[in-house]
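Below is one structure, written out as structure tokens; the observations come after it.
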Amino acid sequence: MRNIRQNFIKLAGLSVAALGLPMVGKTAPTAPARPNIIFILADDLGFEDLGCYGGVTYKGLGAVKTPNLDAMAKEGMLFRHAFACAVCSPSRSEVLTGKYNFRTGFRRILGKPGVPDQLDFQAHPTIAARMKAAGYVTAAVGKWHVGPPCTKGDENEEIPTTSEADTTYPHPRECGFDRQCIFSGGHLNQYGEPKAGKYTPELLQNWTLNFLSSRKGRPEPFFIYYASPIPHGPHFPTPLNPDGKSGNRRGDISNYPYLIEYLDRQVGELLAKLTELGLRDNTLVMFAGDNGSYGVTTQMRDGREIPGGKSKPLDTGAWVPLLASWPGGIKAGSVYEGMVDFTDILPTCLELAGVSAQSGADGVSFAPQLQGKPGAAREWAFSLSWNKWYARETKWKLRDTGDLYDVSDSPYVEALVEPEDDTPESKAARIRLQAVLDKLNPGIDRSSIKEKQTETE
């Protein structure tokens with residue numbers, strides 16, 4: 001445990017004293033019952049893109065500016081090893097169901113061959129349905145991408161045009177969301193004009209702030225699934241740099257630092273709104289990315305560089321930031337060193353809501369650890385995207401190919417360990433992780449694979 005902690009501090013280029021980061025397990029504030037819960041999911045954001053994880057500069061583009069997210073980490077808990085999937089829809093399906101994506105059919109993104117046209121909410125009850133049944137008011141905001149609405153030609157027709165009215169798509173409602181302001185299954189073709197009242201991420205944010213205002217003084221707790229569309233491409237100018245380069249239909253990567261800064265400001269605005277409404281102490285806010293970054297290399301405080309790995313079976317494809325802030329329940333400055341994957345979000349929220357565990361879910365609740373209490377610890381994380389997968393511990397990673405990697409210096413180096421070079425430790429890890437993959441049995445008929453996976457899924 002000490003070595004893991006030292007590796008994180010080395011990666012971030014910080015000292016424990018500088019950050020005030022105690023080990024999980026110390027006494028947290030007395031947690032109020034049934035907190036409100038907001039889960040914010042950024043699109044295409046690896047952990048390295050945030051200052052609190054050690055990011056300093058997006059190579060050739062500009063400085064990392066994430067003061068609100070960095071403050072969120074200091075005020076709450078930073079998760080050292082959080083893993084999603086390497087592309088979008090698979091990660092979202094895991095958050096919503098608590099099940100690994102191969103169980104729900106979302107091995108790839110919506111619209112790809114072999115993927116269902118919508119999440120089967122009857123076979124796989126969602127977090128929203130369970131929270132709603134427990135008396136929570138539920139809301140979905142932003143990018144849906146696990147069912148209708150699906151892109152039908154011009155997806156811009158499916159983008160909300162106002163922050164005052166709800167969208168009325170049946171599938172999110174059937175999945176358990178009382179309220180919604182969502183857009184098409186795919187990514188945006190454009191974000192609207194980069195000015196007040198015209199910028200789509202701003203409309204989504206204002207809808208969310210309006211929803212929060214509507215909950216002041218209400219007895220029912222609420223759950224918000226807030227799936228931001230940024231910093232996913234196209235990388236167009238934002239209200240922070242309205243005169244930036246527009247580039248081609250995919251935008252210009254020079255706008256990337258502004259997209260991250262805009263996202264960070266939105267998180268700060270949301271936290272400030274909770275404080276204004278008197279809801280902050282009893283609201284758990286979690287922030288994560290849905291998969292690794294794409295098209296950007298980040299220089300870290302230790303001087304080394306991390307290229308974004310979206311869609312790749314490298315750690316950087318699925319290693320994402322996960323922050324949790326809850327003044328009434330989490331001790332400030334906490335760091336969780338254990339493994340977490342996206343199936344853990346559902347059982348964690350259900351436990352905090354006082355709801356019994358969901359049958360068939362793969363996740364392990366980290367609700368006790370949030371509050372500085374002992375709890376069942378996940379020993380490994382699992383990540384699958386299409387026909388590639390792996391099980392990972394803090395030091396070892398086993399691929400679907402049978403290859404074992406020493407990831408003690410990841411994300412910089414994933415060192416292949418050949419069987420003939422096994423040590424007693426690596427051999428034990430190989431056996432242990434192979435047993436995990438055998439039990440999960442996520443296999444695919446590779447002889448049927450004809451389509452080449454792209455890095456832009």
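The values are calculated or read from the model by the stated rules, or taken from the named source; none is laboratory data. Just so we're clear, the structure is a prediction, and the values are computed from it rather than from any experiment. FYI the Cβ positions are ideal-geometry reconstructions off the backbone, even for glycines, and counts take in every protein chain you see. We work out accessible area using only protein heavy atoms, side chains counted, and drop any ligands, DNA or RNA first. Shrake-Rupley method; radii C 1.70, N 1.55, O 1.52, S 1.80 Å.
Would you tally the net charge around Asn68, using a Cβ to Cβ cut-off of less than 12 Å, leaving Asn68 out, and scoring K and R as +1, D and E as -1?
-2
For the chain, just say rounded, prolate or oblate: build the C-alpha gyration tensor, square-root its eigenvalues into a ≥ b ≥ c, call rounded for a/c under 1.5, and beyond that prolate if a/b exceeds b/c, oblate if not. Mind dumping the intermediate values first?
On the way: a/c = 1.25, a/b = 1.18, b/c = 1.05.
Judged from the Cα gyration tensor, the chain comes out rounded (a/c under 1.5).
Taking square-rooted eigenvalues a ≥ b ≥ c of the alpha carbon gyration tensor, is the stretch 46-167 rounded, prolate or oblate, where a/c under 1.5 means rounded and, failing that, a/b exceeding b/c means prolate?
Working: a/c = 1.57, a/b = 1.48, b/c = 1.06.
Cα axes put the stretch 46-167 in the prolate bin.
Pairs of Cα atoms under 8 Å, at least six residues apart: use those to get the relative contact order of the stretch 45-136, whole percent.
Working: 76 pairs, mean separation 14.7, N = 92.
Dividing the mean separation by the residue count of the stretch 45-136 yields 16 percent.
If I take R0 = 22 Å and measure r between the Cβ atoms of Leu277 and Thr168 in this structure, what FRET efficiency does the formula 1/(1 + (r/R0)^6) give, to the nearest 0.05? Working shown, then result.
Details: r = 26 Å, r/R0 = 1.19.
The calculated FRET efficiency here is 0.25.
How much length, in nm to one decimal, is gained on full extension between Ala33 and Ser214, taken as 0.36 nm per residue of separation minus their Cα-Cα distance? Don't jump to the answer; show the numbers that get you there.
On the way: separation 181, 0.36 × 181 = 65.16 nm, distance 2.08 nm.
Stretched fully, the Ala33-Ser214 segment lengthens by 63.1 nm.
Please compute the contact order of the chain in relative form: average sequence separation of alpha-carbon pairs under 8 Å and at least six residues apart, divided by the residue count, as a percent. Don't jump to the answer; show the numbers that get you there.
Working: 1043 pairs, mean separation 118.7, N = 457.
Here the relative contact order equals 26 percent.
How much length, in nm to one decimal, is gained on full extension between Asp438 and Ser356, taken as 0.36 nm per residue of separation minus their Cα-Cα distance?
Numbers: separation 82, 0.36 × 82 = 29.52 nm, distance 2.80 nm.
Value of the extension gain: 26.7 nm.
Calculate the dipole size of the chain relative to its Cα centre from +1 charges on Lys and Arg beta carbons and -1 charges on Asp and Glu beta carbons; express the result in debye to the nearest 20. It would help to have the intermediate numbers written out before the result.
Values: 51 positive and 53 negative charges, 141 e Å.
My answer is approximately 680 debye.
State the Cα centre-to-centre distance between the stretch 40-97 and the stretch 178-250 in whole Å.
So the separation of the two Cα centres works out to 17 Å.
Tell me the GluC sites (Glu not before Pro) within the stretch 379-429 that lie in a loop according to DSSP and have at most 16 other beta-carbon atoms within 10 Å. Before the final figure, lay out the partial values.
Values: sites: Glu379, Glu393, Glu414, Glu420, Glu425; in loops: Glu379, Glu393, Glu414.
Qualifying residues, ordered by number: Glu379.
Quote the charge dipole size of the stretch 290-341 about the Cα centre in Debye, to the nearest 20; the model charges only the Cβ of Lys and Arg (+1) and of Asp and Glu (-1). Don't skip to the answer; put the middle values down first.
Details: 5 positive and 6 negative charges, 23 e Å.
Computed about the Cα centre, the dipole is about 100 debye.
How large a share of the accessible area of the chain, in percent, is made up of carbon and sulfur atoms when the probe is 1.4 Å and the other protein chains stay in place?
Working: 8710 of 17190 Å².
Looking at the chain in its full context, I get 51 percent from C and S.
Using protein chains only and a probe of 1.4 angstrom, how many square angstrom of Leu416 are accessible, to the nearest 10?
Leu416 has an accessible surface of roughly 80 Å² with all protein chains in place.
Give the accessible surface of the chain per residue, rounded to a whole number of Å², with probe radius 1.4 Å and ligands, DNA and RNA excluded. Before the final figure, lay out each step's value.
On the way: 17190 Å² over 457 residues.
Accessible surface, normalised per residue, equals 38 Å².
Subtract the Cα-Cα distance of Ser408 and Asp302 from 0.36 nm times their separation in residues, and report this length gain in nm to one decimal.
Details: separation 106, 0.36 × 106 = 38.16 nm, distance 1.59 nm.
So the chain would gain 36.6 nm between Ser408 and Asp302.
Using +1 at the C-beta of Lys and Arg and -1 at the C-beta of Asp and Glu, which of Leu384, Leu259, Ile37 has the Cα lying farthest in the positive direction of the dipole of the chain?
Farthest towards the positive pole: Ile37.
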